[in-house]
Amino acid sequence: LNTFTYSQIVNIENKRKDINGFQATFGLDFNIKQSGNQILELKNNIDLQYNLNAHAFILLNNIQLLSVDDGSLINNGFQHLRYNYTFKDSSFLTLEAFGQFQYNEQKLLQQRILAALGPRFRILNKEKVKWYVAPLAMYEYEDLDQEKLEVIEADTARIRLDGYTNFFASLNNVLSFNLVTYYQPDFGNFNDFRVSGDIILSFNITKFIAYRVGFSADYDSDPPV
């Protein structure tokens, strides 16, 4: 198998909602502009979540397309389905499973299929401090653009560790801090790994208004040629 890989880790942690019941968010943008060139823009976001005591379901869909005269500048998307079962409802141990499909034309990714299963541990669950850690085993299949890469074989299959941590701290009534980090090495070759992180600081201005500033970074040790 080739070692080509593509870095796009979807941060699910900042999507989670802890309220029981069904919640849904839908977004659709579609624009066509004609000014010498025809510009087509399409964006679609779907966020469906259902929580009932020990059970939690998350379904996410994200599609982005921007083309000028039938030539795409942006064409990527993903679909993500995740299930959580928390033992004894409020226990520290949760069983987590997910499946995901991705594509990104600009990064030569025709398809990327993921399936993962493993435990999620709640290390801390205080009013002002929450900390979760999860070491999942993840199957990954990638199919890259063989013609543009000019290779004989552009698809790979491997088993990775999908390890992540989510740490949240409310420093006071005004300032809160959230850190989410993912680490995904190949079990067969730990020199092939991806790291992704998000840091968000939130400042409460009033009861209804807050200001958020964030920083995101990704690193891929073995990207496509």
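The values are calculated or read from the model by the stated rules, or taken from the named source; none is laboratory data. Since the structure is predicted, the reported quantities are computational estimates derived from the model, not experimental observations. Reconstructed Cβ throughout: ideal geometry from the backbone, glycine too, with neighbour counts over all protein chains shown. SASA here: full protein model, heavy atoms, side chains in, ligands and nucleic acids out. Shrake-Rupley method; radii C 1.70, N 1.55, O 1.52, S 1.80 Å.
When the chain is treated as a GNM, springs tying every alpha-carbon pair under 10 Å, which of ASN191, ASN75, ASN104 comes out with the largest mean-square fluctuation?
In the Gaussian network model the winner is ASN191.
Could you put ASP143, ASP218 in order of accessible surface area, largest first, with the 1.4 Å probe and the full protein assembly present? Mind showing how you got there, number by number?
Working: ASP143 35, ASP218 100 Å².
Ranked list, largest accessible area first: ASP218, ASP143.
Between GLU13, GLU127, GLU41, where does the largest GNM mean-square fluctuation fall for the chain, given springs only between Cα atoms within less than 10 Å?
Top of the fluctuation ranking is GLU127.
Based on the Cβ-Cβ distance of ALA24 and ASN172, what FRET efficiency does E = 1/(1 + (r/R0)^6) give at R0 = 35 Å, to the nearest 0.05? Walk me through the intermediate numbers first.
On the way: r = 33 Å, r/R0 = 0.95.
My answer for the efficiency is 0.60.
Is it possible to state the helix-based mean residue ellipticity at 222 nm for the chain, with each DSSP H run of 4+ residues giving -39500 (n - 2.57), the sum divided by total residues, to the nearest 500 deg cm²/dmol? What is it? Mind showing how you got there, number by number?
Numbers: 1 runs with 4 residues, N = 225.
Per the formula, -500 deg cm²/dmol.
Given Cα pairs under 8 Å that are at least 6 residues apart, what percent is the relative contact order of segment 63-217?
On the way: 365 pairs, mean separation 19.4, N = 155.
Relative contact order of segment 63-217: 12 percent.
Taking square-rooted eigenvalues a ≥ b ≥ c of the alpha carbon gyration tensor, is segment 129-225 rounded, prolate or oblate, where a/c under 1.5 means rounded and, failing that, a/b exceeding b/c means prolate?
Values: a/c = 3.99, a/b = 2.25, b/c = 1.77.
Prolate shape, in that a/c is at least 1.5 and a/b is the bigger ratio.
Along the Cα→Cβ direction, 7 angstrom out, place labels at TYR141 and ASP69. What is the inter-label distance in nm?
With each label point 7 Å from Cα toward Cβ, the separation is 3.8 nm.
Which residue fluctuates most in the GNM of the chain (Cα springs below 10 Å): GLY197, GLY99, GLY71?
Judging by the Gaussian network model, the answer is GLY71.
With the Cα gyration tensor of segment 144-194 giving a ≥ b ≥ c as the square roots of its eigenvalues, does the rule (a/c under 1.5 for rounded; else a/b larger than b/c for prolate; else oblate) give rounded, prolate or oblate?
Numbers: a/c = 5.74, a/b = 2.61, b/c = 2.20.
Because a/c hits 1.5 or more and a/b exceeds b/c, segment 144-194 counts as prolate.
Which chymotrypsin sites (Phe, Trp or Tyr not before Pro) does segment 184-225 hold that lie in a coil by DSSP with at most 11 other beta carbons within 10 Å?
Working: sites: PHE187, PHE190, PHE193, PHE203, PHE208, TYR211, PHE215, TYR219; in loops: PHE187, PHE208.
Answer in residue order: PHE208.
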